[in-house]
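Coordinate-derived values only; no laboratory data. Remember, predicted model here, so these are calculated numbers, not experimental data. As a convention, Cβ positions derive from the backbone with ideal geometry for all residues, glycine included, and neighbour counts pool all protein chains shown.
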Amino acid sequence: MQSLHIPAKLRWLEQQPEGAQWLRELPGRIQALAQRWQLRVDLDRAFPNSHVSYVAPAFRSSGRVVLKVRWPDRESSGEADALRLWAGDGAVQLIDDCADHHALLIEYCDPGLPLSETTNVDQIGITIGLMRRLMKPAGNRFTSLAEEARGWAADLNAHWICDGKRCEKRLVDAALTFFRELIPGANDGIVLHQDLHGDNILSAQREPWLVIDPKPLSGDRNFQPAPLIRSVEFGHSRASVLDRFDRLSAELELDRDRVLRWTVLQTMAWSFDSERTDAHYDTVRWLLSAAAG
């Protein structure tokens, strides 16, 4: 097997013992999966933007596919089940998975251009159409939104302190208040894609646009717009954030107050370990000002 180039965004794993071991084992995993699924993996064209998985195009007798070998992180643990539940209805199709190697064989999107980079279309309208199709009954397959939110709330103050208190304490306090208000209605059992942003919707042939990379939860449908509202790929200004908030809430017929509260809570929870921390703080400030005013 030719030498394996590790994309730059995966190299954070080198800084922890388990991650470094996983990277050392990765070539062997890919070779085993190539044999299992009769693949020719294009190691020279690994996709560069994945933070927790090695993802590369591959070829088999039926045509092009995508091989995804996942670092076993908790948030992505239900990815295969979510894709299986959606069954290609608005999302990429799962062809097969291998739990032993935390690997998935997935439909290839051609041309695969992110929706965020396609400016001559109604980006939000396309996203709304996909979201309607993805919000299916989840059963008991996934971590509940309530359980995940308890983890966010438990860690908020500690993360804020460790991050050097880079934002006003009122943003943390608002998120914690919203958590307490949201939990009683958090469990209506809808599958949720908690990382549905402008780079996780790709142009394709089978359908014009397909969703990828679910980090699934089950719970309150009013949560689903949260990652889109803060999606800087669709514009980062007070006007663009509030426009997405207004449009997603109205066209999906959601509870506007709950949408705002979920967005504030998850945006704060995800802000401390992000390349876009300051942008997330901006989003929360703009939403809180809208709620106050």
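Other residues lying with their Cβ under 12 Å from the Cβ of Arg141 contribute a combined charge of 0, Lys and Arg counting +1, Asp and Glu -1.
Cα extents for the range 167-217 along the principal axes, largest to smallest and rounded to whole angstrom: 46, 30, 14. Dipole magnitude for the chain: about 140 debye, using +1 per Lys or Arg Cβ and -1 per Asp or Glu Cβ, origin at the Cα centre. For Leu113, Leu210, the sequence from fewest to most other C-beta atoms within 10 Å is Leu113, Leu210. How charged is the neighbourhood of Gln38? Take every other residue with its Cβ under 14 Å from the Cβ of Gln38, and add Lys/Arg as +1 and Asp/Glu as -1. Around Gln38, the surrounding residues sum to +3. Annotation: lysines with alpha-carbon distance below 16 angstrom to Lys136 (same-chain offsets under eight excluded): Lys215.
The length gained on full extension between Arg60 and Arg256, counted as 0.36 nm times the residue separation minus their Cα-Cα distance, comes to 65.9 nm. Only helices enter this figure: runs of n ≥ 4 DSSP H residues, each worth -39500 (n - 2.57), summed and divided by the residues of the chain, yield -13500 deg cm²/dmol at 222 nm to the nearest 500. Electrostatic tally near Ser218: other residues with Cβ closer than 13 Å to its Cβ, Lys and Arg +1, Asp and Glu -1, net -1. Based on Cα atoms of the chain, Rg over Rh with Rh as the Kirkwood radius reads 0.97. Taking all C-alpha pairs of the range 8-107, those more than 17 Å from each other amount to 51 percent.
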